[in-house]
Every structure is written in structure tokens, then in C-alpha cells.
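Notes for the one structure printed next.
The values are calculated or read from the model by the stated rules, or taken from the named source; none is laboratory data. Just so it is clear, the model here is predicted, and its values are computed rather than measured. In this analysis, Cβ positions are derived from the backbone assuming ideal geometry, glycine residues included, and neighbour counts consider all displayed protein chains. Accessible surface is based on the protein model in full, side chains and every heavy atom, while ligands, DNA and RNA are left aside. Shrake-Rupley method; radii C 1.70, N 1.55, O 1.52, S 1.80 Å.
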Amino acid sequence: MMARKVNTTEAPIVFIVDDDVSVRRSTGRFVRSLGMRAETFASAQDLLNSERAAEATCLILDVRMPNMDGPGLQRRLRETRQRIPVVFISARASKEEEDRALHSWAVAFLRKPVGTDAPLRVIHMVLESVK
């Protein structure tokens with residue numbers, strides 16, 4: 001397994017991948033309000049093309065996106081031995097999709113609209129696990 005380097009001198013960075021620009025913006029603002037860095041990507045392919053996935057402390061992935069969905073991106077990253085904690089979010093995922101996501105080693109599955117309490121707890125849990 002490829003070891004991930006977490007730079008303790010900089011704030012943790014959360015990558016947000018969602019095809020909905022309003023979700024990207026609001027989630028990014030929320031993450032930044034917690035004192036972390038946030039970067040957003042409009043698609044799974046955009047994140048892969050950046051070649052920066054390994055820099056992330058955590059990924060927040062939409063389940064349903066055009067072309068490659070969130071679970072597909074997670075599989076692709078795991079195939080390249082990148083074990084980044086993943087939080088899935090979705091407005092319309094079925095119970096079966098939620099169960100599959102959680103059984104694929106996701107940290108959490110949150111339903112849109114996402115409030116502030118659940119993501120806050122999940123992000124803190126992820127940060128504690130990577131210390």
C-alpha cells in the first residue's frame with residue numbers, strides 16, 4: 001500500500017468532487033470555515049487528471065456523476081493503492097447504492113442536502129484516523 005504523506009505543518013486538505021457547482025461551492029466554504037483547505041473538482045476525471053489525489057486528507061464524492069461516478073473513482077484510486085478516506089454524498093442514491101458505498105470502505109454516506117453537524121463529525125473522525 002502506498003503511504004500517504006500528511007503534512008502536519010499545513011491544514012488538512014479535503015477534495016470535493018461533485019458535478020453540481022452549488023454543492024462544490026457550499027461544501028468548499030464549509031470545509032474552509034473549519035480551518036481546513038478545500039479544493040473542488042467538477043468530475044472524477046478532473047481529479048484524476050490533476051494527479052493530486054494522494055495529497056488529500058479526505059475525499060467528499062458525489063455518488064452519481066456523469067461518466068465516472070463516485071464509487072468508480074474510489075475503485076480507481078484503490079487500484080493504484082491510494083487509500084484516501086472517502087465520504088459519499090448523494091441526493092438520489094438508492095438504499096442499494098448506499099449499502100454498496102458503505103461496504104466499499106467509505107467512511108460515511110450523507111444525504112443531500114447535507115447540514116453541518118453530520119459532515120463536521122465525519123471530517124473530525126477522518127482527521128483523527130489519519131493522525
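Selection of the range 55-79 for residues being of a type outside the set (A, V, I, L, M, F, W, C), without any contact (Cβ under 8 Å) to a residue 60 or more places away in the chain and in a loop (DSSP other than H, G, I, E, B) yields Arg64, Pro66, Asn67, Asp69.
So, Val14, is that one open to solvent by less than 10 Å² (accessible area, probe 1.4 Å), in contact (Cβ under 8 Å) with a residue 60 or more places away in the chain, of a type outside the set (Phe, Trp, Tyr) and not in a loop (DSSP other than H, G, I, E, B) or not? The answer is yes for Val14.
If the condition is being open to solvent by 40 Å² or more (accessible area, probe 1.4 Å) and closer than 21 Å to Phe30 by Cβ, then the range 93-118 contributes Val107, Arg111, Lys112, Pro113, Val114, Gly115, Thr116, Asp117. Considering only residues that are in a loop (DSSP other than H, G, I, E, B) and under 16 Å from the mean Cα position of the chain (by Cα), which ones fall in the range 94-114? Selection gives Ser104, Trp105, Ala106, Val107, Lys112, Pro113, Val114. Note on the range 50-80: residues that are over 21 Å from Pro12 (Cβ atoms) and either open to solvent by less than 10 Å² (accessible area, probe 1.4 Å) or among the charged types (D, E, K, R) (or both) amount to 6.
Return the residue satisfying two criteria in turn: it lies in the range 115-131 and is part of a helix (DSSP H, G or I) and not hydrophobic (A, V, I, L, M, F, W, C), and of such residues it is modelled with the highest pLDDT.
So the residue we want is Arg121.
If you go through the range 17-35 and keep only what is within 14 Å of His124 (Cβ to Cβ), free of Cβ contacts under 8 Å to residues at least 60 places away in the same chain and not in a loop (DSSP other than H, G, I, E, B), you end up with just Ser33.
Look through Ala106, Ala91 and report the one residue that is within 20 Å of Ser129 (Cα to Cα), free of Cβ contacts under 8 Å to residues at least 60 places away in the same chain and out of contact with any helix residue (DSSP H, G or I) (no Cβ under 6 Å at 6 or more places or on another chain).
On the way: Ala91 fails: within 20 Å of Ser129 (Cα to Cα).
On inspection, the qualifying residue turns out to be Ala106.
Among the conditions (1) in a loop (DSSP other than H, G, I, E, B); (2) open to solvent by less than 30 Å² (accessible area, probe 1.4 Å); (3) over 17 Å from Ala118 (Cβ atoms), the only one that Leu47 does not satisfy is (1).
Just a yes or no: is a residue in the range 29-42 out of contact with any Lys or Arg (no Cβ under 9 Å at 6 or more places or on another chain) and surrounded by 19 or more Cβ atoms within 10 Å (Cβ to Cβ)? Yes: the range 29-42 contains one or more residues that are out of contact with any Lys or Arg (no Cβ under 9 Å at 6 or more places or on another chain) and surrounded by 19 or more Cβ atoms within 10 Å (Cβ to Cβ). For Asp18, the conditions (1) at pLDDT below 95; (2) in contact with a strand residue (DSSP E or B) (Cβ under 6 Å, 6 or more places away or on another chain) all hold with the exception of (1).
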